[in-house]
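Worksheet: one structure, shown below.
The values are calculated or read from the model by the stated rules, or taken from the named source; none is laboratory data. Bear in mind the structure is a predicted one, so any value in this text is a computation, not a measurement. When we count neighbours, we look across all protein chains shown, and the Cβ atoms used for this are built from the backbone with ideal geometry, even at glycine.
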Amino acid sequence: MRRIALAFPNVEEGTSYGTPALKVKGKLFVRLREDPDSLVIKMPFDQRAELMAADPETYYITDHYRDYQWMLVRLSKVHADAVQELLKIAYRAASPSKHPPVCVQTDPLPNWESV
């Protein structure tokens, strides 16, 4: 996942709440949650609702995220093919200039460190 996101324009590594994070021009779009099996990912409300309704075992929120355009993703449940699209959505949602990301190959396993 990390390698996919770092291929997008203007993405830099950082931290957020003490966990590894990726930002576009300083704006957070994805980070590991304190629970290492979950990602916190920027997600517009409409897409978040669709994903959570379709697969609540993989996509979820806590009360903390209810009023924010963020979603939690279980790494142990997410399909590897979905990862690139999720990152593209999050990148576009956070990108100040709304640049579309470059096309990259997905990693075989949804793991933050698989590089």
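So here's what we get for this one:
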| read-out | value |
| --- | --- |
| Any hit, segment 82-103, residues being assigned to a loop (DSSP other than H, G, I, E, B), of a type outside the set (Phe, Trp, Tyr), under 15 Å from Met1 (Cβ atoms) and free of Cβ contacts under 8 Å to residues at least 40 places away in the same chain | no |
| Hits in segment 63-74 (condition: assigned to a helix (DSSP H, G or I) and exposed (fewer than 13 other Cβ atoms within 10 Å of the Cβ)) | Asp63, His64 |
| Qualifying residues in segment 1-32 (those that are basic (Lys, Arg) and surrounded by fewer than 21 Cβ atoms within 10 Å (Cβ to Cβ)) - the one farthest from Leu72 (Cα to Cα) | Lys25 |
| Looking only at segment 35-62, and only at residues there that are in a helix (DSSP H, G or I) and touching a strand residue (DSSP E or B) at 6+ places or on another chain (Cβ under 8 Å), the one that is surrounded by the most Cβ atoms within 10 Å (Cβ to Cβ) | Arg48 |
| Set Lys77, Lys88: member being within 23 Å of Val11 (Cα to Cα), basic (Lys, Arg) and modelled with pLDDT of 95 or more | Lys88 |
| In segment 7-19, the residues that are touching a Leu at 6+ places or on another chain (Cβ under 7 Å) and under 15 Å from Leu87 (Cα atoms) | Val11, Glu13 |
